[in-house]
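**Q** This is the structure, below, for whatever I ask next.
Since every read-out is calculated from the coordinates, none of them should be taken as a lab result. In this text the structure is predicted, and so the values were computed from the model without any measurement. No Cβ is skipped: glycine too gets one built from the backbone with ideal geometry, and neighbour counts run over all protein chains shown.
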Amino acid sequence: MLPTPEQRREIHRRMEAVAEHLRLPFRSRTWRGQAGNWLGAGIGSSIDFQDHRPYLPGDDPRYIDWRAYARTGHYTMKLYREEVSPLVDLVVDASASMSFDAAKSARVLELFYFSIESAKRSGASLRCFAADGNTLRQLAFEEAIARDNFFAGSENGAPNLDQVPWRQGSLRILISDLLFPGSPEPALSALSSAKGRGVVFAPFCVTESAPDWNGNIQLTDCETRRQRVQRISPDLLARYKNSYARHFSFWRERARKHSVAIARVASEPAFRDALQAEALPAGAVELC
C-alpha cells in the first residue's frame, strides 16, 4: 500500500524537522562546485587560511600579506580555502520490492525526503532520479516532493546505475533495499567512480529480514507477481535467514573496498532512531 497524498505531506513535514538535527555527510570531505558555504579543494576567499605565494600582476591587492611585506620587502599573497556548494546526485530504486510493505514504502519516502531536505539546507546542487532496471527518469524537484509515481515497480530488476549521469566528485545517494541477485560491484563502482562519494540507505522490514513462516505458505514474487505454494520447514526458514544475512554481509565487505557507506534502515522504529542505529555510526549521516 502506497502512502496517500496526505501521508506524504506529513512525512515531508517530519523530514524537514529531522534535517535540523541530522544531515548527509557533507563535513567528511572537501568539495568542488559553485560558490557556497562548504570548504572546497581549491583557492578562494573563505576565512580558512591555506598558504602563501608570491604576488603576480592582476592579483587582488586585498589579499596581500602586508606583514610579510614589512619583513621582506616582497609582495606575498595570502591564500584561503574556497567555499563551494556540494553536488548531490540522489537515486531511488523504483523496483516493486521497495513498496511491497506499507511500513517499508513509508520509510523509502522518509529517506528520500530527508535526503532532499538535507541537501537543500546545506545549499547543495541537487538532482533526483528514479531507477527501475534500465529505465532511468530524472525527477523535477516539485515532482519528487509532491508525488510518489517513482513507485512504478516493474519486472525490470536491479537499478542500472551506469546510466545515471553522475557528476564529478558528487555525493551519490542510493536508496535501495539491495534485494537483487548478482555482484554488488557494478553499483558500488558507479557510486565511487570519478572521485564520487557513495552512500547507500537500504530500507528493510521485519517481514523480509525475520519472517515467521511455518507450514504451507503462498509466496508472491513482488517483482514478477508470480505465486507459488511453498512448504516452509524450520530448516528451510533458517537457511533463508542465513542467506539473507550473508547477502548483506557481502555488500558491506565490498562497500568498504570502494569507500561506500552502507546503512540498513529498519522500517519499524521511529525514523531518527533507525538512522542513529546504523547510519550515524557508518558515516552515512552526521549530526548538524
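**Q** Mind listing the phi-derived Karplus ³J(HN,Hα) values for segment 270-277, rounded to whole Hz, using 6.51, -1.76 and 1.60 with θ = phi - 60°, and x for any glycine or proline?
**A** Running phi through 6.51 cos²θ - 1.76 cosθ + 1.60 with θ = phi - 60° gives 4, 4, 4, 5, 5, 5, 6, 5 Hz.
**Q** Given a Förster radius of 45 Å and the C-beta distance between A277 and D59 as r, what FRET efficiency does 1/(1 + (r/R0)^6) yield to the nearest 0.05? Intermediate values should be presented prior to the final figure.
**A** Numbers: r = 51 Å, r/R0 = 1.14.
So the FRET efficiency works out to roughly 0.30.
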